[in-house]
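Here the structure is laid out as structure tokens; the discussion comes afterwards.
Every number here is computed from the coordinates shown, using simple stated rules; none is lab data. What you see is a predicted model; the values in this text were computed from it and never measured. For neighbour counting, all protein chains shown are included, and Cβ atoms are generated from backbone atoms with ideal geometry for every residue, glycine included.
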Amino acid sequence: MPNWDLAAEVRARREAGLYRRTRAIRFQGAWAELEGRRLRVFCSNDYLGLAAEPRVVQAFQRAAAEHGVGSSGAHLITGHRAEHDALEEELADFLGRSRVLLFSTGYMANMGLIDALVKPGDAVYQDWLNHASLYDGSRLSGAKVYRYPHADVAALTALLAQGEFRRRLIVSDGLFSMDGDVGPLAALAQLAREHGAWLMVDDAHGIGVIGPGGRGSVAAAGLAQHDVPVLVGTLGKAFGCFGAFVAGSDELIDWCIQKARTYIYTTAPPPAVCAATRQALRLVREEEWRRERLSLLVARFRAGAEQLGLSLMPSESPIQPLLVGDASAALVLSRGLEEDGFLVTAIRPPTVPPGTARLRVTLTALHEPEDVDALLEALARRWRQLPEAVQ
Ligand SMILES: *Cc1c(COP(=O)(O)O)cnc(C)c1O
């Protein structure tokens, strides 16, 4: 008999502290309303505070009034507008790349790109902590997939010495989404050069936030388009909007338009979203104060955590995870913080490796220094209340 007892499997997850559910919040800047209570949000990806920025919202409203809501089709049929072209050109200019292609989401960009670039007979090399969409893309492609321990250049070197492949693609997050550290991009670029491989960097969390002028981890490492031929960014994080893009050579973009199935067979992003993103990009470029403020908040959070004896991970970015280990303990901490007025969701396996459940604390340019202090105090108190076994 086939076993379709999904409810039993869900129960087992619940008992392991791995149950997931959605909760509708009202979100505005650094605050959320949840079940009638106001909470300070310390787990969003809206690092620069642009998701509810009035100028971004206004650009969205104006464009929706002009173009309607939906794009009405795929890019290659009726979905493509001047707003898409303009956003692509402005992103290419911002990042110093030949050309940019928009995708409807980052998940789709990664799936479609890897599948378009490699096939059986090729090899893909992935950092163990890469985003799920990068794995799914390589599985979809049918290429041989190698995984190397996080940021372990020596292990990757050993893997590259094995096998005969038509193409090799090295894939890494730029700023790692769950740890907040940056991959060893210069070393990866060097290895790629030595092996005739291509390097693909997904900088979903880095672009807008880190590097010179907010141009991300690749720019911070001093790497150019020929070092990192495939650069992916998302527009739903620091840009506060929605969607994603790949940046690279004319040939790469042209190839993606021919071959990336998640570009071809899906509805183009709404033009109003592109108009809002263009306004967000202007603010990313012009309002350096947002990044400066973030740096101050990060420094304040880290110094405070150290004083309180909280063990943070080595991150200089607005992603400041507090490693808990046990998934249930992470949930207990998260619930405790919620009672104290803070929203910090617990991140558990399989999003992160088993035994590394954590509170992924994130900072935004809209937090006040006092918010950070208050969070630290609550964190320290709740941490002390955990049973000693998991501390
Ligand atoms: C969020 C994220 C994605 C997915 O982007 P969406 O636009 O949200 O689908 C891809 N890669 C990384 C590293 C991410 O953090």
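Under 13 Å from the Cβ of residue 202, count the other residues' Cβ atoms, weight Lys and Arg +1, Asp and Glu -1, and hand me the total.
-3
Which one of 40, 290, 13 has the biggest mean-square fluctuation once the chain is modelled by GNM with Cα springs under 10 Å?
Highest fluctuation among the options: 13.
Residues with amide H under 5 Å of residue 362's amide H, sequence separation 5 or more or different chain, H placed in the peptide plane at 1.01 Å from N; which?
43, 44, 320
Pull out the extension gain between residue 370 and residue 26, defined as 0.36 nm times the separation in residues minus the alpha carbon to alpha carbon distance; nm, one decimal.
This chain segment gains 121.6 nm when fully extended.
Show the residues, 5+ positions off or on another chain, whose built amide H is closer than 5 Å to the amide H of residue 147.
Counting only residues 5 or more places away or on other chains, the set is 126.
Using a Cα-Cα cut-off of under 24 Å, which lysines could be cross-linked to residue 259, ignoring same-chain neighbours fewer than 8 residues away?
The reachable lysines, counting only those whose Cα sits under 24 Å from residue 259, are 119, 144.
Restricting to the chain, compute how many DSSP beta bridges are antiparallel as a %, nearest 5.
Taking every DSSP beta bridge with both residues in the chain, the antiparallel ones total about 55 percent.
Roughly how many Å is it from the Cα centre of region 275-301 to that of region 130-154, as a whole number?
Spelled out, the Cα-based centre of one part sits 31 Å from the other.
Can you give the FRET efficiency to the nearest 0.05 for residue 190 and residue 85, using r as the Cβ-Cβ distance and R₀ = 35 Å?
0.50
Along the charge dipole of the chain, pointing to its positive end and built from +1/-1 on Cβ of Lys, Arg, Asp and Glu, which listed residue (10, 252, 28) has its Cα farthest out?
10
From the backbone phi of region 177-192, what are the Karplus-calculated ³J(HN,Hα) couplings (6.51 cos²θ - 1.76 cosθ + 1.60, θ = phi - 60°) in whole Hz, Gly and Pro given as x?
5, 9, 10, x, 8, 9, x, x, 5, 5, 5, 5, 5, 4, 4, 4
Give the dimensionless ratio obtained when the Cα radius of gyration of region 1-143 is divided by 2.2 N^0.38 Å.
Ratio of Rg to 2.2 N^0.38 Å for region 1-143: 1.44.
Give me the log10 of I(q) over I(0) for region 203-254 at q = 0.14, 0.19, 0.25 Å⁻¹, as the Debye formula computes it from C-alpha points; what are the numbers?
Log10 I(q)/I(0), no solvent term: -0.34, -0.62, -0.96.
Compute, for region 1-157, the length of the dipole vector about the Cα centre, with Cβ point charges of +1 (Lys, Arg) and -1 (Asp, Glu) only. Units Debye, rounded to 20.
660 debye
Give the whole-number value, in cubic angstrom per residue, of the convex hull volume spanned by the C-alpha atoms of region 54-286.
104 Å³
How large is ³J(HN,Hα) for each residue in region 339-356, as worked out from phi by the Karplus curve 6.51 cos²θ - 1.76 cosθ + 1.60 (θ = phi - 60°), to whole Hz, x for Gly and Pro?
Coupling constants for region 339-356: 4, 7, x, 10, 9, 9, 5, 6, 9, 10, x, x, 4, 10, x, x, x, 10 Hz.
Residue by residue, what Karplus-based ³J(HN,Hα) values in Hz, rounded to whole numbers, does region 251-263 have, using 6.51, -1.76 and 1.60 with θ = phi - 60° and x for Gly and Pro?
3J(HN,Hα) across region 251-263, in whole Hz: 5, 4, 5, 4, 5, 4, 5, 6, 10, 6, 5, 7, 8.
Charges on Cβ only, +1 for Lys and Arg, -1 for Asp and Glu, centred on the Cα centroid of the chain; of 309, 54, 111, which one is farthest towards the dipole's positive end?
Working it through, the farthest residue towards the positive pole turns out to be 111.
Where is the GNM fluctuation largest for the chain (alpha-carbon springs, 10 angstrom cutoff): 132, 380, 65?
Evaluated over the chain, the most mobile residue of the options is 65.
What is the log10 of I(q)/I(0) for region 73-189, computed with the Debye formula using one identical point scatterer on each Cα and no solvent, at q = 0.15, 0.18 Å⁻¹?
The computed values of log10 I(q)/I(0) come out as -0.78, -1.03.
How large is Rg/Rh for the chain, to two decimals, with Cα atoms and a Kirkwood Rh?
For the chain, the value is 0.97.
Taking the Cα centre of region 54-286 as origin and charging only Cβ (+1 Lys, Arg; -1 Asp, Glu), how large is the dipole, in debye to the nearest 20?
I would put it at about 300 debye.
Quick one: which residues, 5 or more positions from residue 343 or on another chain, have an amide H under 5 Å from its amide H? H modelled 1.01 Å from N in the peptide plane, none for Pro or chain starts.
So residue 343 has HN proximity to 40, 41, 42.
Explain nothing, just the number: dipole magnitude of the chain about its Cα centre with +1 on each Lys and Arg Cβ and -1 on each Asp and Glu Cβ, in debye rounded to the nearest 20.
With Lys and Arg at +1 and Asp and Glu at -1, about 740 debye.
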